[in-house]
Amino acid sequence: METNLIAAFAGAPAPTTFIVNVIHVHPGKQQEAFDGQTVVNVEAIQGAGNVDEFFSDPVFVEKFRRLDTVSKSEFHTYTVGDLVLPRRAAAV
């Protein structure tokens, strides 16, 4: 069964907040991070006040703590009014 993706706008778009974390890995530490010098991590959350939700997850905290020893992170918060995502078409 093949599924086709179709980009579409919702009838009434709801604002979506994204945390964009730009991670700069310290020289010589790429293998301990993500195999690259600069990595971007994007997270969708319900609102700017919900950033701490990620840090309430012990697994996330441990991974972030390990990553933080080999890199420097820049967090940026963006809220968008319209978000276009692929929607699954009905299976044929």
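Could you please find all residues in the stretch 60-92 being over 15 Å from I19 (Cα atoms) and within 16 Å of the chain's Cα centre (by Cα)? Residues satisfying the conditions are V61, K63, L67, V84, L85.
If the condition is being without any contact (Cβ under 8 Å) to a residue 12 or more places away in the chain, more than 26 Å from L85 (Cβ to Cβ) and not in a loop (DSSP other than H, G, I, E, B), then the stretch 14-54 contributes Q30, Q31. I need the full set of residues from the stretch 35-83 which are β-branched (V, I, T) and touching a Lys or Arg at 6+ places or on another chain (Cβ under 8 Å), in order please. Selection gives V70 alone. Does T38 qualify as being touching a strand residue (DSSP E or B) at 6+ places or on another chain (Cβ under 9 Å), within 12 Å of F18 (Cα to Cα) and hydroxyl-bearing (S, T, Y)? It is false that T38 is touching a strand residue (DSSP E or B) at 6+ places or on another chain (Cβ under 9 Å), within 12 Å of F18 (Cα to Cα) and hydroxyl-bearing (S, T, Y). The residues of the stretch 39-86 that are among the β-branched types (V, I, T) and farther than 23 Å from A14 by Cβ, listed by number, are V39, V40, V59, V61, T69, V70. Counting the residues of the stretch 41-68 that are open to solvent by 100 Å² or more (accessible area, probe 1.4 Å) and either touching a strand residue (DSSP E or B) at 6+ places or on another chain (Cβ under 9 Å) or of a type in the set (V, I, T) (or both) gives 2.
The values are calculated or read from the model by the stated rules, or taken from the named source; none is laboratory data. Here the structure is a predicted model, which means the values were calculated and not measured. Here the Cβ is made from the backbone with ideal geometry for all residues, glycine too, and neighbour counts use every protein chain on show. Calculation scope for accessible area: heavy atoms of the full protein, side chains included, ligands and nucleic acids excluded. Shrake-Rupley method; radii C 1.70, N 1.55, O 1.52, S 1.80 Å.
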